[in-house]
Amino acid sequence: MTAIAPETAKSHSGFLLEPHWAEITAITPEADGISTYWIRFTDPAEQEAFRFEPGQFNMLYLPGFGESAISISSNPQDHEKIGHTIRFVGNVTRAVSRLKVGDIVGLRGPFGTYWPMKEIEGKDIFIACGGIGLPPLRPALYHIIQNREKYGKVTLLYGARTSGDLMFPNEYAEWRKAGIDVEITVDRGDANWNGRVGVVPMWFYQFRIDSRKTAVLTCGPEIMIRFVIFEAMARRVPSESIYVSLERNMKCGQGSCGHCQMGPYFICKDGPVFRFDELQSFFNVEEF
Amino acid sequence: MYNKAEVTRELQKIPWFKEIEPRHLEKITDIAHLRHVRAGEVLFREGDKEDFLYIVIEGRVALDIFVPHRGKVRIYTAEPWDLFGWSSVTPTIHQRTAGAVAVVDGVVVGIDSAKLRQLCEEDHDLGYLVMRRLTNIVASRLLVTRLQLIDMFGSPEEKNAK
C-alpha cells in the first residue's frame with residue numbers, strides 16, 4: 001500500500017462504477033493528435049461538488065465504445081470546468097476525437113493517488129516529464145504557482161519529440177513569471193528550433209540539484225522515467241524523494257479487475273503516483 | 001585573439017580540467033584557442049576535415065545532419081562544459097559526420113585534434129585522462145542516441161491511459 005496518499009482512491013461517493021454525465025464546453029487543440037477537452041457535469045450540484053488532487057484521473061465513458069482512464073490536466077482550484085488532455089490512440093480516445101462542443105460524455109472519478117504536494121512543501125521541486133506526461137503534472141504546477149511561497153526552487157524539465165509536440169507552450173511564459181524555471185528540450189529539431197535538442201534525462205547535468213532537499217516528480221514514457229530516476233539517483237536524490245506517475249491499461253478504476261496490476265499494486269488504486277522506493281524492487285524487471 | 005592566460009582561465013572553469021595536473025593543462029592550453037561565436041555561425045559542416053575538438057564555454061551549439069527532402073535535422077545541442085567534435089580525436093575518422101552551428105551567441109574552446117592525439121601518444125598519463133573523458137562522452141552520446149532511436153514518444157498504442 002502506498003505511503004504517500006492515505007486516501008488511495010479519493011473518489012466521489014456514487015462515482016465508483018456508475019458514470020455521471022458531463023457536457024463538452026470547449027476543445028483546445030494542443031498538438032497533432034492531442035486536444036484538451038473541457039467538460040462540466042450536466043448536474044450543477046455534481047459540478048459544484050467535484051474536487052480532485054493533482055495527479056488523479058477520471059474514467060471517461062463513451063456509450064458504444066467503452067471507458068478510458070484520462071488524467072486531469074486542469075487547475076484543481078477551478079471548479080467551473082474539468083480539463084482532460086487526450087491523445088487519440090485507442091478505440092475510445094479516437095471516438096472522443098470525433099466529439100464536438102455540446103456533446104455528452106460519461107465520467108467516473110477522480111481516482112488514484114496524487115502528487116504529494118503537502119509532503120514536499122519546503123523542498124526544491126524538480127519536475128522531469130516528457131510528451132503527454134506533462135498534462136498530469138500541470139495541476140501540480142498550478143498548485144505550486146498558487147502556493148509559491150511554500151516551495152523552494154522549482155524546475156520543470158520537459159521534453160517532446162519535436163517542437164510541434166510540446167504541450168501548453170502558451171503557458172510557459174506565465175509559469176516562468178511565477179518563478180518556475182521552465183526548461184524545454186526536443187528529441188529532434190529543425191533549423192528553426194534554437195532550443196535544446198536531446199532527451200530529457202541527458203540534461204540533468206545542467207542543473208544543480210541539492211539532493212538533501214529536492215523532490216523529483218516524473219511522468220512520461222516509462223523508458224524516460226527509468227533514466228530520469230537513474231540520473232536523479234546518480235545525484236544522490238534518495239528514492240524516497242522521487243515520485244513517479246505510471247500508466248497502465250486501466251479498466252475499473254478501483255482495483256477490482258486486475259488489468260493494471262504491476263507487482264503487488266493496482267495502478268488505478270495504489271497509483272498512478274508512487275514514491276519510487278515502493279516500486280524500486282521490480283521497476284527494472286523485464287515484462288513488469 | 002585571446003591570450004594563453006584567458007584560455008587557461010576558461011578551461012579551469014570546467015570540472016574535468018580541475019582534475020588535470022598543471023603541467024598537462026599547460027600542454028593543452030598551448031594547442032587551444034578561444035573563439036567567440038555568433039548565433040547562426042557555422043563552426044563546421046558535414047564532410048569538413050576534422051581539425052578541432054570543441055568545448056562549449058557559453059551559449060548553445062547544435063549538431064545537425066542534412067537529410068534529403070527534410071533539410072537539416074538538429075540531432076543534439078551542446079551547452080556549457082559539453083564537448084562536440086570528439087570524433088576528431090580518434091585516429092580513424094577524418095571527416096565531420098555532422099555540422100555544428102551556434103544557435104545563440106557564445107564562446108567555445110577549440111583544441112587542435114591532431115596535436116592532442118600526439119600529446120596523448122607522448123604522455124600516456126595525459127592520454128589516459130583524455131581518453132577516459134572521451135569515453136564518458138561517447139558512452140553518454142550512445143545512451144542519448146539509443147533513447148532517440150527508441151523514439152520514446154512514438155508508441156501511441158501503448159499510451160492509452162493519459
Legend entry - Filter result (over 18 Å from the mean Cα position of the chain (by Cα) and either surrounded by 23 or more Cβ atoms within 10 Å (Cβ to Cβ) or aliphatic (A, V, I, L, M) (or both)) within the range A:67-101: A:VAL92, A:ALA95, A:VAL96, A:LEU99, A:VAL101
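Conditions (1) more than 27 Å from A:ILE120 (Cβ to Cβ); (2) in a strand (DSSP E or B); (3) out of contact with any strand residue (DSSP E or B) (no Cβ under 7 Å at 6 or more places or on another chain); (4) within 11 Å of chain B (Cβ to nearest Cβ), marked per residue:
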site	(1), (2), (3), (4)
A:ILE24	yes, yes, no, no
A:TRP38	yes, yes, no, no
A:PHE52	no, no, no, no
A:TYR61	yes, yes, no, no
A:ALA69	no, yes, no, yes
A:HIS79	no, no, yes, no
A:THR85	no, yes, no, yes
A:THR93	yes, no, no, yes
Legend entry - The lone exception for A:VAL216 - which of (1) part of a strand (DSSP E or B); (2) under 29 Å from B:GLY40 (Cβ atoms); (3) not polar (S, T, N, Q) it fails: (2)
Legend entry - Residue ID - surrounded by the most Cβ atoms within 10 Å (Cβ to Cβ), chosen from residues in the range A:179-225 that are aliphatic (A, V, I, L, M) and at the interface with chain B (Cβ under 8 Å from one of its Cβ atoms): A:VAL197
Legend entry - Residue list for the range B:82-141, filter: in contact with a strand residue (DSSP E or B) (Cβ under 7 Å, 6 or more places away or on another chain), closer than 19 Å to B:GLY47 by Cα and assigned to a helix (DSSP H, G or I): B:TRP86, B:SER88, B:VAL89, B:SER113
Legend entry - Filter result for A:ARG98 (under 29 Å from A:ALA22 (Cβ atoms), within 14 Å of another protein chain (Cβ to nearest Cβ) and out of contact with any strand residue (DSSP E or B) (no Cβ under 7 Å at 6 or more places or on another chain)): no
Inset, instruction - Among the candidates B:LEU63, B:LEU53, B:LEU43, single out the residue that is more than 14 Å from every other protein chain (Cβ to nearest Cβ), farther than 18 Å from B:ARG132 by Cα, not in a helix (DSSP H, G or I) and not small (Gly, Ala, Ser). - result: B:LEU43
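Only the coordinates and a few stated rules stand behind these numbers; no lab work does. Every value quoted in this text rests on a predicted model; they were computed, and no experiment measured them. Note that each Cβ is placed from the backbone with ideal geometry, even for glycine, and that neighbours are counted across all protein chains shown.
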